[in-house]
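K.L.:
Sending over a structure as structure tokens; questions will come in a sec.
The values are calculated or read from the model by the stated rules, or taken from the named source; none is laboratory data. Note that the structure is a prediction, hence the values are computed from the model and not measured. With ideal geometry, Cβ positions are generated from the backbone for all residues, glycine too; neighbour counts draw on all protein chains shown.
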Amino acid sequence: MPKRFSPNEAETFFARLAAQNPEPKTELVYRNPFTLLVAVVLSAQATDKGVNKATAALFNIADTPLKMAALGEAGLIDHIKTIGLFRNKAKNVIALSKALIANHGGEVPRDREALEALPGVGRKTANVVLNVAFGEKTMAVDTHIFRVANRTRLAPGKTPRAVEDGLVKIIPDKYALHAHHWLILHGRYVCVARTPRCPDCVVRDLCRFSGKTIVEGASSKKSSPAKAVRRKKTRGKN
């Protein structure tokens, strides 16, 4: 079995990702902590692109818990029916909006336990909100990060929580704030599920994956995280 990363190798791993994309951002479009929370809840088993398309109009009329609760499930469904599991998600979003009004003065709490007590909010969602909205050094493990951590052997684990704990231990503190975004973007654009784009990978020599792709030109279909960021800036988007 391939050996795990040493502290020095982990330092090099994240230094390279940081050099490639110094200020990574979430690809979900949001306006405030509440709309971020809603977007993350909606993103379960859906693409960020699909969520952004649905929330573009939604957040124009419902960007606070009070407005969202007033919209109601039926009104919300009209906006998110293109997203998978939209009925259950609508139920959770309206319920969490009412819970925020009743228990938190209409504000998104900066507290893991309080976040996870909200309908439809689990550990991963809470980690995203704490990291993106409040600048906490949390690690939200989605399918991309789970794959990258196991494939590279950076932090192998059989469950998302095991991978999260492993990553928290191995990631140097100075990279902890942005580590979630570097890993998710790397998994989304480079270390993809079916045919990883190893020739484009800046940490290829550190990766323990035995099935690295070696075909030149395999990178033509999708852009790297850094290219994606540059393209967004060119278009004037955040």
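K.L.:
Is it true that some residue in the stretch 75-96 is in the same structural domain as residue 180 (by TED's automatic domain parsing), surrounded by fewer than 16 Cβ atoms within 10 Å (Cβ to Cβ) and farther than 23 Å from residue 27 by Cβ?
P.N.:
First pass over the stretch 75-96, keeping only residues in the same structural domain as residue 180 (by TED's automatic domain parsing): none.
Checking the stretch 75-96: not a single residue is in the same structural domain as residue 180 (by TED's automatic domain parsing), surrounded by fewer than 16 Cβ atoms within 10 Å (Cβ to Cβ) and farther than 23 Å from residue 27 by Cβ.
K.L.:
Scan the stretch 153-191 for residues that are buried (at least 18 other Cβ atoms within 10 Å of the Cβ) and either β-branched (Val, Ile, Thr) or not in a loop (DSSP other than H, G, I, E, B) (or both) and report the count.
P.N.:
19
K.L.:
May I ask you to list the residues in the stretch 101-126 that are in contact with a Leu (Cβ under 9 Å, 6 or more places away or on another chain) and surrounded by 18 or more Cβ atoms within 10 Å (Cβ to Cβ)?
P.N.:
108, 109, 115, 118, 120, 121, 125, 126 - these are the residues of the stretch 101-126 that are in contact with a Leu (Cβ under 9 Å, 6 or more places away or on another chain) and surrounded by 18 or more Cβ atoms within 10 Å (Cβ to Cβ).
K.L.:
Then there is this: Here are some residues: 44, 10, 57, 15. Which one is out of contact with any Ser or Thr (no Cβ under 9 Å at 6 or more places or on another chain) and either of a type in the set (D, E, K, R) or more than 19 Å from residue 182 (Cβ to Cβ) (or both)?
P.N.:
Numbers: 44 fails: out of contact with any Ser or Thr (no Cβ under 9 Å at 6 or more places or on another chain); 10 fails: either of a type in the set (D, E, K, R) or more than 19 Å from residue 182 (Cβ to Cβ) (or both); 15 fails: either of a type in the set (D, E, K, R) or more than 19 Å from residue 182 (Cβ to Cβ) (or both).
Going through 44, 10, 57, 15 in turn, just one is out of contact with any Ser or Thr (no Cβ under 9 Å at 6 or more places or on another chain) and either of a type in the set (D, E, K, R) or more than 19 Å from residue 182 (Cβ to Cβ) (or both): 57.
K.L.:
Cβ contacts < 6 Å: first residue under 19 Å from residue 203 (Cβ atoms), restricted to the stretch 148-168; second residue of a type in the set (Phe, Trp, Tyr) and surrounded by fewer than 18 Cβ atoms within 10 Å (Cβ to Cβ), any location; separation 6+ or different chain. Result?
P.N.:
151/209
K.L.:
For the list (1) of a type in the set (A, V, I, L, M, F, W, C); (2) out of contact with any Pro (no Cβ under 6 Å at 6 or more places or on another chain); (3) in contact (Cβ under 8 Å) with a residue 60 or more places away in the chain; (4) not in a helix (DSSP H, G or I), I need the number of the one condition that residue 108 fails.
P.N.:
Answer for residue 108: the failing condition is (2).
K.L.:
Of the residues that sit in the stretch 31-57 and are crowded, with 21+ Cβ neighbours inside 10 Å and of a type in the set (Ser, Thr, Tyr), which one is farthest from the chain's Cα centre (by Cα)?
P.N.:
Across the stretch 31-57, the extreme among qualifying residues is 55.
K.L.:
Those residues that are among the β-branched types (Val, Ile, Thr) and modelled with pLDDT of 95 or more, I need them from the stretch 182-232; list them, please. Working first, answer last.
P.N.:
Filtering the stretch 182-232 for residues among the β-branched types (Val, Ile, Thr) gives 184, 190, 192, 195, 202-203, 213-215, 229.
Those that are among the β-branched types (Val, Ile, Thr) and modelled with pLDDT of 95 or more: 184, 190, 192, 202, 203.
K.L.:
So which residues in the stretch 45-60 are within 29 Å of residue 153 (Cα to Cα) and either in contact (Cβ under 8 Å) with a residue 60 or more places away in the chain or among the polar types (S, T, N, Q) (or both)?
P.N.:
Within the stretch 45-60, 45, 47 meet the criteria.
K.L.:
Which ones in the stretch 134-152 are of a type in the set (A, V, I, L, M) and assigned to a loop (DSSP other than H, G, I, E, B)?
P.N.:
First pass over the stretch 134-152, keeping only residues of a type in the set (A, V, I, L, M): 139-141, 145, 148-149.
Hits for the stretch 134-152 are 139, 140, 141.
K.L.:
Condition (residue is out of contact with any Gly (no Cβ under 9 Å at 6 or more places or on another chain), more than 27 Å from residue 33 (Cα to Cα) and small (Gly, Ala, Ser)) applied to the stretch 188-204: is it met by at least one residue?
P.N.:
Checked against the condition, which is being out of contact with any Gly (no Cβ under 9 Å at 6 or more places or on another chain), more than 27 Å from residue 33 (Cα to Cα) and small (Gly, Ala, Ser), the stretch 188-204 yields no hits at all.
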